[in-house]
Amino acid sequence: MPHKSTVVLLFLITAFFSCKSQQHALTYSSEDLKIIPLSKNSFIHISYLSTEDFGKVACNGLIYINHGQAVVFDTPTDNETSEELIRWITETKKQQIKAVVINHFHDDCLGGIEAFHELNIPSYASNTTIELAKKEGNPVPQIGFDTTNELTIGKQKIVNRHFGEAHTKDNIVSYIPSEHLLFGGCALKSLNATKGYLGDANTNEWSTTIKKIKASYPDLKTAIPGHGEYGSIELLDYTISLFSTAQ
C-alpha cells in the first residue's frame, strides 16, 4: 500500500493537471482581445461588449488561414480591437486578409467592421443583414447575398448560408469543410447557456433552423457559438432542446 501522503500528493498532481487541461491555451492575449488556436488553420477570437442586461459579455469570432490568405468571421466589437486583430493576422501570422464575413446585424458581429473597410478588406453578409444594419444605424457590410455565398481562401472552400430564423431573422452560419468546422454565431448556444437576448429572435423557428443545419453538416467536428465555450455536435443538440418547447 502506498503511504497516505503519497496518495494525497498524487491526487493533488492529478487534480492540478486536470484543471490545467480544461483551460484553453491562448496564442494571443491582451485586455481587449484573446485568440485561441483550434488547429494550425483555425482560431477563435474573443472580444468584449458592455451591455445593460448582461454586463460585460465575451463575444466569439473566428479566423481561418490557408496558404497565405485569411478570412475573419465576425469582427471584434469595436474598431480599435479590430485593428489589434488585423495586426496579429497580418504581422504575426503573415497572412493577407481576403474577407470578413458577418453573421448578423448586431454590434457583437460588426462593431469593428470599419477598421476592415479602411484597409479595403471586403465584407460579406446576407442582404437581410445589410438591410437591418442600415435600419439599426449600425455599420453596413458591403457585399450581399440572398441564401448562400461561397468563398475560396487559399485552396479551401468556405460556405456561408442562411438556414432560417433563430437568434435573428438574418443569422447565417459559416462552414469550413476541410476543418469540419461550423461557426454558428448567436444562433448556436454553448452547453448550459441560457436563451440570452431574445429581442430580435424567432423562438418558434429556432429549433427547426438548427435541425436543418445539423442535417446539412453531419460530419462537423467543431462548433463555435456566438458566446461561451465551443464544442461539437452536442451544441446543436443542446440548442435544439433549449428552444424545442419555446412558446
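The values are calculated or read from the model by the stated rules, or taken from the named source; none is laboratory data. These figures come from a predicted structure and were not determined experimentally. Neighbour counts run over all protein chains shown; Cβ positions are idealised from the backbone, glycine included. Protein only, heavy atoms only, side chains kept; ligands, DNA and RNA dropped before computing areas. Shrake-Rupley method; radii C 1.70, N 1.55, O 1.52, S 1.80 Å.
Run the dipole for segment 139-179 about the Cα centre, Lys and Arg Cβ at +1, Asp and Glu Cβ at -1, nothing else charged, and hand back the magnitude in debye, nearest 20.
Numbers: 4 positive and 5 negative charges, 27 e Å.
Value, rounded to 20: 140 debye.
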**OP:** Please give the helix 233-243 orientation as an angle from the longest Cα principal axis of the chain, in degrees from 0 to 90, rounded to the nearest 10.
**Re:** 70 degrees
**OP:** Would you calculate, for the chain, the mean residue ellipticity at 222 nm contributed by helices, counting each DSSP H stretch of 4 or more residues as -39,500 (n - 2.57) and dividing by all residues, to the nearest 500?
**Re:** -8500 deg cm²/dmol
Subject >> Heavy-atom accessible surface of the chain: percent carbon and sulfur, 1.4 Å >> reply: 50 percent
Subject >> Note, ³J(HN,Hα) from phi for segment 182-195, Karplus 6.51, -1.76, 1.60, rounded to Hz, x at Gly and Pro >> reply: 10, 9, x, x, 6, 6, 10, 9, 6, 4, 6, 6, 7, 6
Original post:
Between the helical axis of 127-136 and the dominant principal axis of the chain, each derived from Cα atoms, what acute angle in degrees is found, rounded to the nearest 10?
Top reply: 90 degrees
Subject >> Amide H within-cut-off set for PHE105, under 5 Å, with H built and near neighbours excluded >> reply: none
**OP:** Round to a whole angstrom and tell me the spacing of the C-alpha centers of segment 200-247 and segment 30-100.
**Re:** 23 Å
Original post:
At a Förster distance of 35 Å, what's the computed FRET efficiency of LYS93 paired with ILE233, Cβ-Cβ distance as r, to 0.05?
Top reply: 0.75
Subject >> Simple label model, 7 Å out from Cα along Cβ direction - ALA25 to GLU114, nm >> reply: 3.8 nm
**OP:** Would you mind computing, in nm to one decimal, how far apart the modelled labels at GLU80 and THR147 are, each placed 7 Å from Cα along Cα→Cβ?
**Re:** 4.4 nm
Original post:
Points 7 angstrom from Cα along the Cβ direction at ASN127 and ASN192: gap in nanometres?
Top reply: 4.4 nm
Subject >> Accessible surface, segment 53-189, averaged per residue in Å² (probe 1.4 Å) >> reply: 39 Å²
Original post:
Counting Lys and Arg as +1 and Asp and Glu as -1, what is the net charge of the other residues whose Cβ lies under 10 Å from the Cβ of GLN69?
Top reply: +2
**OP:** Would you pull out the residues with amide H under 5 Å of ALA223's amide H, same chain only if 5 or more places away, H placed 1.01 Å from N?
**Re:** LEU182, GLY231, SER232
